[in-house]
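Since the structure comes first, as structure tokens, the remarks are kept for the end.
Just so you know, all these numbers are worked out from the coordinates, no wet-lab data involved. Being a predicted model, the structure only gives us computed values, none of them experimental. Cβ sites come from the backbone with ideal geometry, for glycine too, and all protein chains shown count toward neighbours.
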Amino acid sequence: MSVLLIAEHNNKELRPFTLNAANAASQIDNDVHAVIIGHKCEEAAKALSKLEFVKKVIQVEAAYYENFVAENFAPVIVKLADNYSHIISSANTFGKNLMPRIAAALDTSQISDITKVIAPDTFLRPIYAGNAFATVKSKDTKKCVTIRPTSFDACESTGGSASIEKAEASEEFSKTKFVKREEVKSDRPELGTARVVVSGGRGMQSGDNFKLITSLADKLNAAIGASRAAVDAGYISNDHQVGQTGKVVVPDLYIAVGISGAIQHLAGMKESKVIVAINKDGEAPIFSVADYGLEADLFEAVPQFLEELNKLNTIQK
Amino acid sequence: MKILVAVKRVIDYNVQIRVKEDNSGVVTDNVKMSTNPPDDNAIEEAVKIKETGKATEVVAVSIGEEKAQETVRKALAVGADRGILVKTEGVVEPLSVSKLLQKIVEKEKPDLVFMGKQAIDDDCNQTGQMLSALLNWPQATFASKIEIKDGKLEVTREIDEGLETIEINVPAIVTCDLRLNEPRYASLPNIMKAKKKPIEQLNASDLGVDISPRIEQIKVEEPPKRKAGIKVSSVSELVQKLKNEAKVI
């Protein structure tokens, strides 16, 4: 049976993780249909129909679908679910909010945040913030699965030529009202998706000293992270926290400055492709996961780091 | 207004997780257990609302083995009025937990149900949303700010792109983000007082819910080990390695 992918979009364009989810869906079954629920979302529906792997688009329109409210979206998917073996979305805040509402309505035990499709009913997923990986097999006839976007490559945004069909809207859920959305407008990349992350820990000694982290991040076009210790000490706000109780990040380059490497911090960053640790304590656990460790006083090393970067002709953005 | 808060007993976030040798799960024997961190935020918020006079009762509920009583007791020590423990054995999937909670909600008739946005053991992030689907109630997930206005809640939610604000009618489910508040520590006198607060104990079977697992856990493994790295002797060596060897800058 076919797989139903839930598209994430802003009515004009697709959100990027939809492409990663489409790829994951195609690994379960090659007959991937995609549903787009929105208001005046023709543009996004067209973009969806062009995705590699997408064989059919189902567009569902209503004024109350302009903003994403899970209580409105879930009944639409539940109604379509009869024709599908799997319902797929990404495990970002969109899919996390929506999928369990669908799964409960279908009486299905959801499988969250998979990093690998082993078989159409068997998946690999991290547990304990990536400190262990579980291979799980669903016994439900219908499967609701969310995928970890950073574990699946984005599919091509061209090459598909799916038909676009319209389906009926569901009734409006009147007990939840969207009020507003404040998107963080920052020149800096978002922590969860940044190519480079520079993080500071308790070794920074004060919030003021985080300026060093900021300068380094500016230079590398990086997001700024922090350990829980730095957040608890009040050096930086907790939306920067990387770790089991903060954000899990998988950048190409992670630079840990003055971070000892508590278990809960390692859980949030140790899947990064390249890890650099700068710490004056040579025995700090962070060195056990670092590809490049520099045992040095960060207050000397970070300014030197900036100087060395200034000497380079080019820095990747 | 009555607030029901669901709390889960999990391995403490500071414990190094070890996978069992037979790959059947992770080691939990003689391991420090604590309240799931965002559930502490959920309790804190409920108690704060009660302190402002907008709630009359805070009830803490946990679903788990006998020892989950400690988790309920801790919620009582920070200000919940009474507790409920639904005893279960083995793995209880979020779908089953939400069905059990639905039964508790039908019995207790709370106006609000709070819980953490995610448990740090199975990392499923499902229970709150599932419960709200089963009850057909509004859901406010990943809440970092809650304001009560004329019997409605205005909730600020943490989403990937920033913040979102929604208004929901009561009764409703709210799942709490770590940014919602700063959980208090229980004082010694309050810990003593909590020992006298009642905890009602039920068995999952009393609630008439089928909680048999739908997901078979085939194996649990350690994450792939990282290759041992090297120590560099200077910043210039570091920058050269990053540029020419790792090719990441």
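Mean-square fluctuations from a GNM of chain A, with a 10 angstrom spring cutoff on Cα atoms, peak among A:Ala229, A:Ala24, A:Ala91 at A:Ala229. In sequence order, the range A:191-198 has phi-based couplings of 3, x, 10, 5, 6, 10, 10, 10 Hz under the Karplus curve 6.51 cos²θ - 1.76 cosθ + 1.60, θ = phi - 60°, and Gly or Pro positions carry x.
Taking θ as phi - 60° and the Karplus parameters 6.51, -1.76 and 1.60, the scalar couplings of the range A:5-12 work out to 9, 9, 7, 10, 7, 10, 6, 9 Hz in sequence order, x denoting glycine and proline. Counting only other chain Cβ atoms within 10 Å of each residue's Cβ, the peptide A:302-311 averages 3.
If you average 1/r over every pair of different alpha-carbon atoms in the protein assembly as shown and take one over that average, what Kirkwood value in Å do you get? Before the final figure, lay out the partial values.
On the way: mean 1/r = 0.0408 Å⁻¹.
It works out to 24.5 Å.
List the aspartates and glutamates whose alpha-carbon lies under 13 Å from that of A:Lys247, not counting same-chain residues fewer than 8 positions away? By straight Cα distance, A:Lys247 reaches A:Glu190, A:Asp239, A:Glu271, B:Asp123, B:Glu158, B:Asp160, B:Asp177.
Along its principal axes, chain B has C-alpha extents of 64, 44, 40 angstrom, given from the largest down.
Between B:Ile218 and B:Lys54, what is the FRET efficiency for a Förster distance of 56 Å, r being their Cβ-Cβ separation, to the nearest 0.05? Efficiency for this residue pair is about 0.75.
Compared with the direct C-alpha span, the chain from A:Phe299 to A:Arg181 gains 38.6 nm at full extension, assuming 0.36 nm per residue. So which lysines can B:Lys193 reach, going by Cα to Cα under 24 Å and dropping same-chain residues fewer than 8 places off? Once the sequence-local lysines are set aside, what remains near B:Lys193 is B:Lys2, B:Lys8, B:Lys32, B:Lys48, B:Lys50, B:Lys54, B:Lys67, B:Lys74, B:Lys87.
May I ask you to compute the full-extension gain from B:Lys193 to B:Ser234, defined as 0.36 nm times their residue separation minus their alpha-carbon distance, rounded to one decimal in nm?
Values: separation 41, 0.36 × 41 = 14.76 nm, distance 5.75 nm.
Taking B:Lys193 through B:Ser234 to full extension adds about 9.0 nm, to one decimal.
Taking a straight Cα-Cα cut-off under 17 Å and skipping sequence neighbours fewer than 8 places away in the same chain, the aspartates and glutamates within cross-link reach of A:Lys175 are A:Glu66, A:Glu71, B:Asp111, B:Glu147, B:Asp150, B:Glu154, B:Glu164, B:Glu167. The GNM of chain B, with springs linking C-alpha atoms under 10 angstrom apart, assigns the highest mean-square fluctuation among B:Glu154, B:Glu237, B:Glu89 to B:Glu237. Short-range pairs are left out: with C-alpha atoms under 8 Å and at least six residues apart, the relative contact order of chain B is 24 percent. Once the Cα atoms are used to define both axes, helix A:298-311 deviates from the longest principal axis of chain A by about 70 degrees.
Ranked by the mean number of other Cβ atoms within 10 Å per residue, highest first, peptides A:94-103, B:57-66, B:209-218 order as A:94-103, B:57-66, B:209-218. Against the main long axis of the alpha-carbon atoms of chain A, helix A:17-28 sits at an angle near 60°.
Given the Cα-Cα distance of A:Asp252 and A:Lys166 and 0.36 nm per residue of separation, how much length would full extension add, in nm?
Details: separation 86, 0.36 × 86 = 30.96 nm, distance 4.05 nm.
Gain in length upon complete extension: 26.9 nm.
Taking B:Glu45, B:Glu21, B:Glu182 as the candidate residues, the one with maximal mean-square fluctuation in a Gaussian network model of chain B, Cα springs under 10 Å, is B:Glu21.
Taking 0.692 mPa s as the viscosity and 37 °C as the temperature, the Stokes-Einstein diffusion coefficient of the range A:73-184 based on its alpha-carbon Kirkwood radius rounds to 205 µm²/s. Counting lysine pairs in the range A:2-167 that sit 8 or more residues apart in sequence, or on different chains, and whose Cα atoms lie under 12 Å apart gives 4. Applying 1/(1 + (r/R0)^6) with R0 = 41 Å to the Cβ-Cβ distance of A:Lys40 and B:Lys109 gives a FRET efficiency near 0.50.
Does a label point 7 Å from the Cα of A:Ala62, set along Cα-to-beta-carbon, have any residues of the range A:8-50 with amide nitrogen under 17 Å, and which are they? Zone members listed by number: A:35-41. Once the C-beta distance of A:Lys12 and A:Thr193 is scaled by a Förster radius of 22 Å, the resulting FRET efficiency is 0.65 to the nearest 0.05.
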